[in-house]
1. Can you work out ³J(HN,Hα) from phi for every residue in the stretch 48-57, in order, using Karplus 6.51 cos²θ - 1.76 cosθ + 1.60 and θ = phi - 60°, giving whole Hz and x for Gly and Pro?
2. Give the share of C-alpha pairs in each 5 angstrom bin for the stretch 10-78, from 0 to the last occupied bin, in whole percents, shortest bins first.
3. List the aspartates and glutamates whose Cα sits under 19 Å from the Cα of Lys37, skipping any in the same chain fewer than 8 residues away.
4. Taking the Cβ of each residue in Lys21, Lys37 as the centre, tally the other Cβ atoms inside 10 Å and list the residues starting with the fewest.
5. Using the structure shown, list the pairs from Lys20/Lys95; Lys18/Lys95; Lys21/Lys42 with a Cα-Cα distance above 21 Å, or answer none.
Amino acid sequence: MGKLIQLSASNHFGDCPKCKKNDGHLNVGRDHWYYCKRHQVKWFVGSNIFPDWLDETFDTWRQNEALLECFMEIEPLQKHKFTVDENEFFNSRRKTQLQMLLLTDEHLK
Ligand SMILES: [Zn+2]
């Protein structure tokens with residue numbers, strides 16, 4: 001899947017575990033669902049977080065509900081769960097910091 005790291009505000013609400021993206025949210029009443037059209041998955045993010053549901057109609061919610069019905073509910077990939085690449089990055093940094101600490105210790109002896 002390449003090395004694309006999506007750092008947008010939207011992935012605060014999680015991403016599709018397969019493509020690490022999302023297609024935004026759909027409202028069913030005051031409930032917000034994030035979804036990925038490509039992989040036909042959805043995940044619930046909360047109620048009354050985005051104000052746009054107030055401008056929508058019952059018809060829109062019925063359409064959204066019908067669309068979401070075909071999608072599988074899954075656990076999204078959350079922002080705070082690091083990818084393998086990110087872990088490697090942080091681990092290498094940590095090692096460097098440790099090495100620097102050790103060097104400083106040696107120096108003080
Ligand atoms: Zn996807």
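Laboratory data are not the source of any read-out in this text; all were calculated from the coordinates shown. Given the structure is predicted, the values throughout are model-derived calculations rather than measurements. For neighbour counting, all protein chains shown are included, and Cβ atoms are generated from backbone atoms with ideal geometry for every residue, glycine included.
1. 6, 8, 9, x, 5, 4, 5, 8, 9, 10
2. Taking all Cα pairs of the stretch 10-78, the binned fractions are 4, 20, 30, 24, 16, 5, 1 percent.
3. Lys37 reaches Asp15, Asp23, Glu65, Glu69, Glu73, Glu75.
4. Details: Lys21 18, Lys37 14.
Fewest-to-most ranking of Lys21, Lys37: Lys37, Lys21.
5. Over 21 Å Cα-Cα: Lys20/Lys95; Lys18/Lys95.
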